[in-house]
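The values are calculated or read from the model by the stated rules, or taken from the named source; none is laboratory data. From a predicted model like this one, the values you see are computed outputs, not experimental measurements. Neighbour counts run over all protein chains shown; Cβ positions are idealised from the backbone, glycine included. Each accessible area value is taken on the protein alone, full model and side chains, heavy atoms only, with ligands, DNA and RNA left out. Shrake-Rupley method; radii C 1.70, N 1.55, O 1.52, S 1.80 Å.
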Amino acid sequence: RDMAQAMDLYTRAAASGEVRAMYALAVAYDAGEGVRADPVKAIGFYKDAALMGSPEAQTALGTYFYKGEQVTRDLPTARAWFAEADIRGAVDAMVNLAAMMNAGEGGEVDRTRAWAWLTLAKEGGRDDTGPGLAALEGRMSAVELVQARALVAPSPPSTATP
C-alpha cells in the first residue's frame, strides 16, 4: 500500500474531474489518511464531489452543516444536502433526513416523509431503523400512515402498449 502514490493518482484524477477521486481525497483529508488532516481541504473536495452528484459527499456535507463543524451550523442546508443524497440512494442520509423531518429541523415537520425515508433506509440495509420507525408510527395519525405507505409502495406495472 503506497499512500503517497495513491494521493498523487487521486489528485491527478480529481483535477481531471473524476468525482470518485474527489471524494477519496475528501475522505483522506478528513481522516488524515496518507496526508495531514485538513478539514478545509476535505470540505472543498466534498463540495466539488457533491456538486457533481456524489451521494457520499452530499451526506458528508450535510453532516458538516448539521453539526456546525468547520462551517456555520445551517440546518436548512444540511437538510437540503441530505435530501440530495437520499434521492441517489444514500441510506445514511435517508436516516438523517428522516430524523430532521420528524423533529422539524431545517424545515417543516413531515412525519409522512420521515417514515417513508426510514422505511427505504431499512430496505437499503439499515437494520437499526426499526425502533425509530415504531416510535414514529406511534406519533402518526392513521391518515399519515396510509399516506406514508403509499409513498413507498411499488408502482403498478404499466398497461400501456409501447
When the range 102-138 is examined, which residues are found to be acidic (Asp, Glu) and in a helix (DSSP H, G or I)?
GLU123, ASP127, ASP128, GLU137
Somewhere in the range 30-42, is a residue hydrophobic (A, V, I, L, M, F, W, C), within 26 Å of GLY104 (Cβ to Cβ), touching a Phe, Trp or Tyr at 6+ places or on another chain (Cβ under 9 Å) and open to solvent by less than 50 Å² (accessible area, probe 1.4 Å)?
no
Would you confirm whether any residue within the range 9-16 is out of contact with any Asp or Glu (no Cβ under 7 Å at 6 or more places or on another chain), open to solvent by 50 Å² or more (accessible area, probe 1.4 Å) and modelled with pLDDT of 95 or more?
no
The range 45-61, residues that are surrounded by fewer than 24 Cβ atoms within 10 Å (Cβ to Cβ) and under 12 Å from ASP30 (Cβ atoms):
GLU56
Please specify each residue of the range 105-125 satisfying the condition of being closer than 14 Å to GLN147 by Cβ and either touching a residue at least 40 places away in the same chain (Cβ under 8 Å) or not aliphatic (A, V, I, L, M) (or both).
ASP110, ARG111, THR112, ARG113, TRP115, TRP117, THR119
Scanning for something at pLDDT below 95, surrounded by fewer than 21 Cβ atoms within 10 Å (Cβ to Cβ) and within 25 Å of MET22 (Cβ to Cβ), does the range 147-160 turn up at least one residue?
no
The correct count of residues that are open to solvent by 40 Å² or more (accessible area, probe 1.4 Å) and either farther than 14 Å from GLU56 by Cα or not in a helix (DSSP H, G or I) (or both) in the range 82-101 is 4
